[in-house]
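Any read-out appearing in this document is the output of simple, stated calculations on the displayed coordinates, not a laboratory observation. In this text, all values refer to a predicted model and were calculated from it rather than measured experimentally. Counting neighbours? That spans all protein chains shown, and the Cβs are built from the backbone with ideal geometry, glycine included.
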Amino acid sequence: MNAKLGLYRKEKIYGFLFILPPLLGLLIFTLYPMIYSIYGSFTDWDGLGQMNFIGLGNFTDLWSDELFHKALFNTLFMMLGIPIGITLALLLALGLNRGVPGTTAFRVIYYVPVISSLAAVSIMWNWAYNGDYGLVNQFLDLFGISGPNWMANKYTVKPALIIMAVWKGLGYTMLLYLAALQSVSRSYYEAAELDGANGFQSFWHITWPMVRPVTFFIIVTNIIGGSQIFTEMNIMTPTGGPEYASASVVFYIWQKAFGNFQMGYASAMAVFLGVFIFVVTLIQFRMNEKQSFDVD
Amino acid sequence: MNMTSRRRVTHSIIFVLLLIGAVFMIGPLLWMLSTSFKDKQDVFALPPVWIPRPFHFDKYSEIWEAGPLLSGIKNSLIIAVTVTVVGTFTSSLAAFSFSKLRFPGKNKIFLLMLSSLMIPYPAVMIPQFFMFSKLGWIDTLLPLIVPGLFGNIVMIFFLRQYLSSVPNAIIEAAKIDGSSYFRLYSSITFPLIKPAVAAQLILWFMGIWNDYLSPIIYLNSPEKQTLQLVIANFNATYAIQTDYPLIMAASIIALLPMLIIFLVFQKQIIESVAISGVKG
């Protein structure tokens, strides 16, 4: 009895010891800074002098800050790439799931942009979008279309970034769908076929509901990732683009914090971003709960 | 038309569509590669030249003198290797503990860790910057290394899931044999989860190698910068001089290591990504 008690106590100690590093990391590098961010967002923190409490001052400033509105609009606008990417990826996965020859090679080719460095592909796409010599306009030339100078035009800079983002992320989404499709039992389709369902009907009534959890996962992770978009604009439009048309929220935070040293103001934006992501994730959990009822 | 020939036709159509898609996916990267071998004339040639005549390899020797490319690679390697090696150890140890050991508050702590995944990096980067600046770590690699040493929650989550398929009986039997807790981890659990660890380690390595936001915050002097910052600076400098072959050669250098790692380990990586999506 005593030995058993001793064993359990030892297990308690070691169990806790083994999780101590990540727990400490969480406290020091995430939770403490997060609380500090929230606190900082209510002050006029400039990184040097005192932090004076100014209440909701930063947040009311955000409310009337035109550049912030632009950055927020741009960030949300860029998320139009999410439904485009999901549609294309699902079509690709459906195609690959039929066992056409070269499946492995296609999987690898479509996945290569995902593992490529975002900085390097940003540089490459920036050159591809060049108005005179870029690959994109040369391609459009084949069809007699003379393309714009993509990155220098406030109407085309966001679509250009969306195209690039879809290209970059397509392989990842495709892979998730492919894995999901492979876990759908063939017997459903056979039963549907017996009932006389056509291809579209079995897609709509079997495939689409079965991949719904993955669709959800993709939407949520894409919104979370998309709301933090930064590298592309920092490299491709270092000043925020024509009329600030390609600046994202994180780009603006970065500029305010490390360019202008308006740390309090930048913290307010960071808190705003954090709350946004929190709400998106919360909605996901809610919807997931509902969904499990549906399945039952 | 009978079933098999109809199947063959749809297969061919799908194959052609996938092929066209593949051209669009890989085309820009091939163009990047081809540009890196071009001379000035070919770069601006209309219609585009895909196969340079002749191939110029001199940009690949020139880039090493044009900027701190070598120190960029070295810095990226130092960060990525240190973080992934130490971080994988701490993460897998914690995953073992969360999955196989009993101690009070375990599930609550795990949930706390999971929920912290919701906190985006931009929301904590400003206070983190000041923490590290108080320590005098700005313009050193330490802010990019130290947090990672404490482990990676995504990895812990993934390995914990993976460990649930390892039967508890093995652990219990070893416990009764008087094996120490660390030995349970090092000689029983770890060998069993090696493939999962490897896949996660590679994904993490790639993430650090390709990271841009945190290095740009902490690193100023050219010789301290990571590879991604170095090539971004190449872009800023040489785009004005329109030396695109040079920029593209530098970008290829930044892509190549990850591309090779991916091609070697593509099976494990793809599996790991697929599992995390379906289970997540």
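Using a Gaussian network for chain A with springs between C-alpha atoms less than 10 Å apart, which of these wobbles most: A:PRO22, A:PRO33, A:PRO113?
Maximum among the listed residues: A:PRO22.
Most fluctuating residue of B:GLN128, B:GLN241, B:GLN228 in a GNM of chain B with Cα springs under 10 Å: which is it?
B:GLN241
Could you pull out every one of the lysines with an alpha carbon less than 18 Å from that of B:LYS59, ignoring same-chain neighbours closer than 8 positions?
Answer for B:LYS59, where 18 Å is the Cα cut-off: B:LYS38, B:LYS40, listed by chain and number.
Charges on Cβ only, +1 for Lys and Arg, -1 for Asp and Glu, centred on the Cα centroid of region B:64-223; of B:LEU144, B:ILE119, B:SER97, which one is farthest towards the dipole's positive end?
Result: B:SER97, furthest along the dipole toward the positive end.
As a test of the formula, what do you get for chain B when each DSSP H run with n ≥ 4 contributes -39,500 (n - 2.57) and the sum is divided by the residue count, at 222 nm and rounded to the nearest 500 deg cm²/dmol? Intermediate results must be reported in sequence, preceding the final value.
Values: 13 runs with 209 residues, N = 280.
For chain B, the value works out to -25000 deg cm²/dmol.
Counting other C-beta atoms within 10 Å, which of A:LEU91, A:LEU67 has the fewest, and how do the rest follow? Provide the component values of the computation, followed by the final result.
Details: A:LEU91 16, A:LEU67 13.
In increasing order of surrounding Cβ atoms, one gets A:LEU67, A:LEU91.
222 nm [θ] for chain A, helices only, -39500 (n - 2.57) per DSSP H run of 4+, per residue, to 500?
On the way: 15 runs with 200 residues, N = 296.
Theoretical 222 nm ellipticity from helices: -21500 deg cm²/dmol.
Take chain A, connect every pair of alpha-carbon atoms lying under 10 Å apart with a spring to form a Gaussian network, then pick out the residue of A:LYS154, A:LYS12, A:LYS70 with the largest mean-square fluctuation.
A:LYS12
Beyond a 31 Å Cα-Cα separation, which of these cross-linked pairs lie in this structure: A:LYS168/B:LYS224; B:LYS74/B:LYS108; B:LYS74/B:LYS134; A:LYS158/A:LYS256?
Values: A:LYS168/B:LYS224 28 Å; B:LYS74/B:LYS108 40 Å; B:LYS74/B:LYS134 26 Å; A:LYS158/A:LYS256 22 Å.
Listed pairs above 31 Å: B:LYS74/B:LYS108.
What net charge do the residues around A:SER187 carry, taking every other residue with its C-beta under 14 Å from that of A:SER187, with Lys and Arg at +1 and Asp and Glu at -1? All intermediate terms of the calculation are to be shown ahead of the outcome.
Numbers: positive: A:ARG186; negative: A:GLU190, A:GLU193, A:ASP195.
Residues near A:SER187 contribute -2 overall.
Only four residue types carry charge here, +1 at the Cβ of Lys and Arg and -1 at the Cβ of Asp and Glu. Report the dipole size of chain B about the Cα centre in Debye, rounded to the nearest 20.
Working: 20 positive and 12 negative charges, 252 e Å.
Charge dipole of chain B: 1200 debye, to the nearest 20.
For region A:1-75, with only Lys/Arg (+1) and Asp/Glu (-1) charged at the beta-carbon, what is the dipole magnitude about the Cα centre, in debye rounded to 20?
Values: 5 positive and 6 negative charges, 189 e Å.
Result for region A:1-75 is approximately 900 debye, rounded to the nearest 20.
Would you mind classifying chain B by shape? Square roots of the alpha carbon gyration tensor eigenvalues, ordered a ≥ b ≥ c; an a/c under 1.5 is rounded, otherwise it is prolate if a/b is larger than b/c and oblate if not.
Values: a/c = 2.59, a/b = 1.35, b/c = 1.91.
It comes out oblate by the Cα gyration axes.
What is the extension gain from A:LYS12 to A:ALA152, computed as 0.36 nm multiplied by their sequence separation minus the C-alpha to C-alpha distance, in nm to one decimal?
Working: separation 140, 0.36 × 140 = 50.40 nm, distance 6.11 nm.
Length gained between A:LYS12 and A:ALA152: 44.3 nm.
For B:LYS106, list the lysines whose Cα falls under 16 Å from its own Cα; do not include residues on the same chain fewer than 8 positions away.
List returned: A:LYS10, A:LYS12.
What is the dipole size for region B:81-236, taken about its Cα centre, with +1 at each Lys and Arg Cβ and -1 at each Asp and Glu Cβ, in debye to the nearest 20? Before the final figure, lay out each step's value.
Details: 10 positive and 5 negative charges, 110 e Å.
Magnitude of the dipole: close to 520 debye.
Mind sorting B:MET125, A:MET51 by how few other Cβ atoms lie within 10 Å of their own Cβ, fewest first? Kindly include the intermediate steps, with their values, before the conclusion.
Details: B:MET125 23, A:MET51 15.
Ranked by crowding around the Cβ, least crowded first: A:MET51, B:MET125.
Mind checking the mean number of beta-carbon atoms from other chains within 10 Å of the Cβ atoms in A:32-40? All intermediate terms of the calculation are to be shown ahead of the outcome.
Details: counts 4, 11, 7, 2, 6, 8, 2, 1, 3.
Partner-chain Cβ atoms within 10 Å, mean over residues of A:32-40: 5.
Within 10 Å of each Cβ in B:22-30, how many Cβ atoms from other chains are there, averaged over the peptide? Write down the numbers at each step before the final one.
Details: counts 8, 1, 4, 11, 5, 4, 11, 7, 0.
Mean inter-chain Cβ contacts per residue within 10 Å come to 6.
Within 10 Å of each Cβ in peptide B:113-120, how many partner chain Cβ atoms are there on average? Round it to a whole number, please.
Working: counts 6, 0, 2, 8, 3, 8, 9, 12.
If you average over the peptide's residues, the count of other-chain Cβ atoms is 6.
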